[in-house]
């Protein structure tokens with residue numbers, strides 16, 4: 001059991017980071033807080049219960065997840081106003097970062113309730129620190145939109161981003177998502193982190209097409225995935241004149257369909273396939289009307 005150092009204050013909301021896999025990846029302060037607050041609001045009480053039991057902590061818990069966050073938030077705010085201390089935890093990592101908690105944190109701030117971070121593990125930072133990719137500046141996207149149209153729009157908007165891009169994705173959707181990224185952004189360098197801090201921890205590095213081939217060769221993909229994609233690098237940018245010249249040469253050969261030409265040019269220069277296709281379409285119409 002952790003030491004008996006007192007929690008900072010009552011009537012406070014503690015946002016507590018918990019392990020993303022290995023149960024020992026938790027701070028001493030986090031264990032102290034979880035053992036002393038009046039209530040722990042957990043995304044999954046069974047999951048958190050196993051973590052607490054591992055560290056010999058007994059406490060009162062209540063479920064707090066994406067499906068009941070709206071209903072539970074007023075009750076928790078009332079408890080906090082009455083002086084109760086509450087710890088917010090998700091199943092893995094830092095609450096409210098692609099996990100439930102944003103609504104509760106915002107309501108607590110609006111109600112002048114002190115919100116205290118108890119920092120710790122984050123899957124995005126864990127993957128970034130061992131990826132071997134630029135980390136001085138990065139873009140955290142989290143889980144992409146579930147609806148395909150919205151997801152493709154997201155990727156198109158990110159196609160020109162120069163910083164490292166960080167996504168979360170489920171093992172069921174990761175292969176399809178990789179195909180979409182390659183189609184829109186080109187075959188860039190990336191790192192797929194899977195089962196981080198667990199027994200079967202794995203980092204697959206290489207071109208996105210190579211990562212996809214590795215996954216497709218497996219009977220099944222398990223574990224939540226963190227995907228890092230290299231940004232559109234400055235030294236790989238090409239002028240519109242160069243792109244147009246290559247498209248025109250390919251059109252004159254009449255060997256490939258317009259979509260195939262756009263894909264080849266986009267992948268060569270790390271550009272958005274959709275944007276190259278639009279340019280190719282304009283050039284084709286111009287050549288036909290000439």
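The values are calculated or read from the model by the stated rules, or taken from the named source; none is laboratory data. Just so it is clear, the model here is predicted, and its values are computed rather than measured. All Cβ positions, glycine included, derive from the backbone under ideal geometry; neighbour counts span all protein chains shown.
Considering 228, 199, the condition of being modelled with pLDDT of 90 or more and surrounded by 19 or more Cβ atoms within 10 Å (Cβ to Cβ) is satisfied by 228 alone.
For the range 260-277, which residues satisfy the criterion of being over 18 Å from residue 229 (Cα atoms) and either crowded, with 21+ Cβ neighbours inside 10 Å or over 30 Å from the mean Cα position of the chain (by Cα) (or both)? Passing the criteria: 260, 261, 262, 265, 276. Just one residue in the set 85, 63 is over 25 Å from residue 226 (Cβ atoms) and free of Cβ contacts under 8 Å to residues at least 60 places away in the same chain; that residue is 63.
Return the only residue of 221, 182 being farther than 21 Å from residue 138 by Cα and more than 17 Å from the chain's Cα centre (by Cα).
221
Taken together, the criteria place residue 48 among residues that are touching a strand residue (DSSP E or B) at 6+ places or on another chain (Cβ under 8 Å) and either in a loop (DSSP other than H, G, I, E, B) or in contact (Cβ under 8 Å) with a residue 12 or more places away in the chain (or both). Residue selection: residue 33 satisfies the criterion of being at pLDDT 95 or above, assigned to a helix (DSSP H, G or I) and within 14 Å of residue 88 (Cβ to Cβ). Looking across the range 17-44, the residues that are buried (at least 17 other Cβ atoms within 10 Å of the Cβ), free of Cβ contacts under 8 Å to residues at least 60 places away in the same chain and out of contact with any strand residue (DSSP E or B) (no Cβ under 6 Å at 6 or more places or on another chain) come down to 31, 32, 35, 36, 38, 43. Close contacts from the range 155-166, counting a first residue that is in the same structural domain as residue 178 (by TED's automatic domain parsing) and over 10 Å from residue 229 (Cα atoms) and a second that is in a loop (DSSP other than H, G, I, E, B) and at pLDDT 95 or above, with Cβ to Cβ under 8 Å and a gap of 6+ residues or different chains, come to 155/144.
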